[in-house]
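Reading through the structure tokens given below for one structure.
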């Protein structure tokens with residue numbers, strides 16, 4: 001079972017978002033990623049300069065994560081609106 005760890009950057013972004021959006025994102029992470037057996041089911045692998053990372057789509061927001069199979073951990077690196085996240 002995978003555990004989820006938020007980076008410092010992702011934590012700050014969640015705190016800056018409005019309350020309903022941050023609650024939606026946090027509850028999605030808890031429901032779909034925390035304790036799951038295969039985190040790749042819900043996401044999509046990124047290509048290009050972000051190769052190796054995974055993207056999760058939650059409404060108009062995207063969660064960028066690094067899946068570490070050795071430690072069985074998902075590290076959430078970045079969270080943002082879809083128009084801003086890939087730049």
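Just so you know, all these numbers are worked out from the coordinates, no wet-lab data involved. Computed from a predicted model, the values in this text were never measured in an experiment.
Multiplying the residue separation of residue 71 and residue 49 by 0.36 nm and subtracting their alpha-carbon distance yields 5.5 nm. Available extension along the chain between residue 23 and residue 41 is 4.3 nm, counting 0.36 nm per residue and deducting the alpha carbon span. Over the chain, the reciprocal of the mean inverse Cα-Cα separation, the Kirkwood hydrodynamic radius, stands at 13.0 Å.
Report the full-extension gain for the segment residue 57 to residue 7: residue separation times 0.36 nm, less the Cα-Cα distance, to one decimal in nm. Spell out each step's value before the answer.
Values: separation 50, 0.36 × 50 = 18.00 nm, distance 1.82 nm.
Taking 0.36 nm per residue and subtracting the Cα distance, the gain is 16.2 nm.
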